[in-house]
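The values are calculated or read from the model by the stated rules, or taken from the named source; none is laboratory data. Every value quoted in this text rests on a predicted model; they were computed, and no experiment measured them. Backbone-built Cβ (ideal geometry, glycine too); neighbour counts: all protein chains shown. Just the protein is used for accessible areas: all its heavy atoms, side chains included, with ligands, DNA and RNA removed. Shrake-Rupley method; radii C 1.70, N 1.55, O 1.52, S 1.80 Å.
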Amino acid sequence: MPRNKTFDESCLIKDALHLFWKYGFHRTSIQNLVQNLGVNRASLYDTYGDKEGLFIKCFDIYKNGKIDLVKEIFNKEEDPKKGLNTLFTVLLDTICDDPEKKGEFISNTLSESMKTNGMIHKYLQKSKDEAFNILESYLLNGVKKGYLQKDSNIKGMTYSIISTAIGSMVLSKIGSPNQKLKENLCNNLKLILS
């Protein structure tokens, strides 16, 4: 007979996400999760299978929230130059205002997962492809609407923007000044989108 859950799953995910974000996947043990989340080990395994299953659930919820934010900004601003500036300003403000200086969760996970080739790595690849497709579609729409030149290398722009964004997110974790990061990101976007 299956056990009834004795915990609020949305609170557990929020708290687990915080731990994974702060310490990373590898430095967050099942024991850390059990102690900090106030649930027993059996409940975690019954619900998520293992630590990786819980991590992927947290990652998915975080990623979907960021995708919603991106789509909201892109839907409001069809000019890619303005839309991307708005998006990265919002992201950098959120990250740089964090007193714990945790950085950006997806960028942190990317950095940490370079040494593994498991399910998380495959999930990151799938997420990167999803982000690439959203951004590429946005830039193509910018070409159609006349905001970008018709002969623009959209694939190259997309890769450059994603690389620049990840680099900025990583730099935010080491305490680079918010204003300087914003200026550098805006300057890079101007170069990429020109």
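Things worth noting here:
- Chain lengthening between Lys144 and Thr47 when straightened (0.36 nm per residue, less Cα-Cα): 30.3 nm
- Charge tally for Asn32 (other residues, Cβ to Cβ under 13 Å; Lys, Arg +1; Asp, Glu -1): +3.
- Shown in residue order for segment 153-168 are the 3J(HN,Hα) couplings computed by the Karplus curve 6.51 cos²θ - 1.76 cosθ + 1.60 at θ = phi - 60°: 7, 5, 4, x, 4, 4, 4, 5, 5, 4, 4, 5, 5, 4, x, 5 Hz (x for Gly and Pro).
- Taking the 1.4 Å solvent-accessible surface of segment 98-194 as the whole, the part contributed by carbon and sulfur is 57%.
- Estimated distance in nm for a label pair at Ser10 and Lys82, the labels positioned 7 Å out from Cα along Cα-to-Cβ: 3.4 nm
- Per-residue ³J(HN,Hα) for segment 7-23, Karplus 6.51 cos²θ - 1.76 cosθ + 1.60, θ = phi - 60°, Hz, x for Gly and Pro: 9, 7, 4, 5, 5, 4, 4, 4, 5, 5, 4, 4, 5, 4, 5, 6, 10
- Segments 46-55, 150-159 sorted - mean Cβ within 10 Å per residue, highest first: 46-55, 150-159
- Only one residue of Leu148, Ser107, Val70 has its Cα farthest out toward the positive end of the dipole of segment 67-153, where Lys and Arg carry +1 and Asp and Glu -1 on Cβ, and that residue is Leu148.
- Under the Karplus curve 6.51 cos²θ - 1.76 cosθ + 1.60, θ = phi - 60°, whole-Hz ³J(HN,Hα) for segment 82-98, x wherever Gly or Pro sits: 6, x, 5, 4, 4, 4, 6, 5, 4, 5, 5, 4, 4, 5, 6, 7, 6
- Selection from Leu87, Leu135, Gly53 lying farthest towards where the dipole of the chain points positive, charges on Cβ: Leu135
- With all protein chains kept in place, the per residue accessible area of the chain amounts to 56 square angstrom at a probe of 1.4 angstrom.
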